[in-house]
Amino acid sequence: VVDIAFDDTILRIDDHIPDPGCEIIDLEGRILLPGVIDAHVHFNDPGFNEREDFSTGTASAAAGGITTVVDMPCTSLPPVIDESALANKLEAIRGKAVTDYALWGGIRGNDAPWADGRVERLWNVGVVGFKIYTVSGMDTFRALSYPQIADILKRFAGCLFAFHAEDPGVIAEAEQALPRPWRWREYVDSRPVEAEIVAVQCILDAGRENRLHIVHVGSGEVVRLLETARKQGVDVTFETAPHYLAFSTEDFAVLAGRLKTAPPVKSATDRAILRKALVDGLLDYIATDHAGCEWAPGKVAADFHDVYNGIPGCETLVPLVFDEFSGEVSFSRLADLLSVNPAKRLGLYPRKGALQVGSDADFTVLDTDRPYRFDEATLHCKGRLSPFQGREFRTGIQRTVVRGETVYIRDHGLVGRFGWGQWVRRNGL
Ligand SMILES: [Zn+2]
């Protein structure tokens, strides 16, 4: 048993702290984690607020035990591609966040050749890194070609780069062979495993001297590629999302649009390799790729090609990961996957991701003694559609604490204040 004294930061950790003269929270029988970090969310603010905004997104995060989210640059208008777009975003989300937040910057094809200093300046104000797409369906955030990626990696060698890695050539070729309208099977076939393999290989070849990160890895072959590259000394990390750990392509038959993301979930064999990477220690972290939308028009299109890609994952991340893996790995490994590792990789550690004196008093408290049936209608985000609808969970979020303030309690719901959440810059800024 251990006591933790805190105000907005952790003040003291000891076997027994006598008579503190303040509020005491008794966690007897609970699980305490350093505040969970969701390092990949799309909260769409400003620009696509009909799908999500920073109030609903961070409310959902708080209810999911997440104390810091890291928002992606591509799904807001303007996208976060320079200092003024970042300032615009910070202004648009002011007063909204319940949890803390860090921000990814973006490098998009639209702005080639990036010679005006925007990348350096955006890095220097404190984004955690830059997101790049090798294939993109967004006109406001176009993909980069491999030569452009090689050029960027060379010029901005000190930065962290995160890639959505699927090869546009492989996808275009597959799509041509699949006449529209599509059902789910055609969608799956349009984004084969080869697309991920080719793109990741090209990125690894170009970035052997860089700091690389691959988002939402779904295929087993890619896990092996990354393992090999790492053994050769390449500084590359990767994340996967809960849906890749929980589902495979066959589940589309039942879940249809609820399961649609890009890239799509892969085969049961791919899923097994990902799960093994989690257990073996190879997987760096788990992030949700939270991206919600309303049922109509987002998820009802007659042509499956046009169904919105995205799952709102913040409130099922921790229950899913604990239910599925706490019997197989230690709590400390789960804390690494959900908090410590993303904090370290994104330059937020030890302010975030650490239970130590001086760190922010961010805590995620779980209980496992009150099983429940998850109902998507209870989600706090705007798009209340989840592939986990109806699932029985054992793990529940008992309490979420952000910089010393309780923002969510299981029996009271959301108790945090909109605007409490702060922007967290990368270390040293
Ligand atoms: Zn994403």
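The values are calculated or read from the model by the stated rules, or taken from the named source; none is laboratory data. Keep in mind the model is a prediction, meaning the values are calculated, not measured. Methodologically, a virtual Cβ is constructed for each residue, glycine included, from the backbone with ideal geometry; neighbour enumeration extends over all protein chains shown.
Some points to look at:
- One residue alone among GLY117, GLY64, GLY129 is more than 16 Å from the ligand (Cβ to nearest atom) and in contact (Cβ under 8 Å) with a residue 40 or more places away in the chain, and that residue is GLY64.
- Single unsatisfied condition, ALA165 versus (1) out of contact with any helix residue (DSSP H, G or I) (no Cβ under 9 Å at 6 or more places or on another chain); (2) surrounded by 19 or more Cβ atoms within 10 Å (Cβ to Cβ): (1)
- Filtered residues of segment 17-60 (kept if more than 16 Å from the ligand (Cβ to nearest atom) and in contact with an Asp or Glu (Cβ under 6 Å, 6 or more places away or on another chain)): ILE17, ARG30, GLY35, ASP53, PHE54
- The helices (runs of 4 or more DSSP H) located wholly in segment 230-299 that include 1 or more residues which are more than 29 Å from ALA59 (Cβ to Cβ) and either within 16 Å of the ligand (Cβ to nearest atom) or of a type outside the set (Ser, Thr, Tyr) (or both) occupy 252-255, 268-280.
- Residue within segment 142-163 that is over 30 Å from ASN427 (Cα atoms), of a type in the set (A, V, I, L, M) and not in a loop (DSSP other than H, G, I, E, B) present: no
- Breaking point among (1) touching a helix residue (DSSP H, G or I) at 6+ places or on another chain (Cβ under 8 Å); (2) surrounded by 22 or more Cβ atoms within 10 Å (Cβ to Cβ), for PHE363: (1)
- Of the residues examined, LEU429 is one that is within 24 Å of LYS89 (Cβ to Cβ) and exposed (fewer than 15 other Cβ atoms within 10 Å of the Cβ).
- Number of positions in segment 380-413 that are under 21 Å from the mean Cα position of the chain (by Cα) and closer than 20 Å to THR67 by Cα: 13
- Residue within segment 325-337 that is touching a Phe, Trp or Tyr at 6+ places or on another chain (Cβ under 8 Å) and within 16 Å of the ligand (Cβ to nearest atom) present: no
- Checking every residue in segment 174-188 against the condition of being among the small types (Gly, Ala, Ser), surrounded by fewer than 16 Cβ atoms within 10 Å (Cβ to Cβ) and not in a loop (DSSP other than H, G, I, E, B) gives zero matches.
- The condition (being within 30 Å of ASN49 (Cα to Cα), in contact with a strand residue (DSSP E or B) (Cβ under 8 Å, 6 or more places away or on another chain) and among the aromatic types (Phe, Trp, Tyr)) is satisfied by just one residue among PHE304, PHE363, PHE331, PHE322: PHE363.
Condition check ((1) touching a helix residue (DSSP H, G or I) at 6+ places or on another chain (Cβ under 8 Å); (2) surrounded by fewer than 19 Cβ atoms within 10 Å (Cβ to Cβ); (3) farther than 27 Å from ASN341 by Cβ; (4) of a type in the set (D, E, K, R)) across all residues:
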position: LEU103; (1), (2), (3), (4): yes, no, no, no
position: ASN110; (1), (2), (3), (4): no, yes, yes, no
position: VAL128; (1), (2), (3), (4): no, no, no, no
position: THR134; (1), (2), (3), (4): yes, no, no, no
position: GLN148; (1), (2), (3), (4): yes, yes, yes, no
position: CYS159; (1), (2), (3), (4): yes, no, no, no
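- Looking only at segment 70-84, and only at residues there that are more than 16 Å from ALA162 (Cα to Cα) and in contact (Cβ under 8 Å) with a residue 12 or more places away in the chain, the one that is farthest from the ligand (Cβ to nearest atom): GLU83
- Test: residue in segment 202-214 that is touching a residue at least 60 places away in the same chain (Cβ under 8 Å), outside any helix (DSSP H, G or I), out of contact with any strand residue (DSSP E or B) (no Cβ under 9 Å at 6 or more places or on another chain) and closer than 19 Å to SER145 by Cα: no
- Some residue of segment 43-54 being part of a strand (DSSP E or B), out of contact with any helix residue (DSSP H, G or I) (no Cβ under 6 Å at 6 or more places or on another chain) and either closer than 30 Å to ASP323 by Cα or not hydroxyl-bearing (Ser, Thr, Tyr) (or both): no
- Residues located in segment 40-61, provided they are within 21 Å of TYR349 (Cβ to Cβ) and either surrounded by fewer than 24 Cβ atoms within 10 Å (Cβ to Cβ) or not β-branched (Val, Ile, Thr) (or both): HIS40, ALA61
- Selected residue (criterion: farthest from the ligand (Cβ to nearest atom)) from residues of segment 85-114 that are among the basic types (Lys, Arg) and either modelled with pLDDT under 95 or under 21 Å from LEU348 (Cβ atoms) (or both): ARG94
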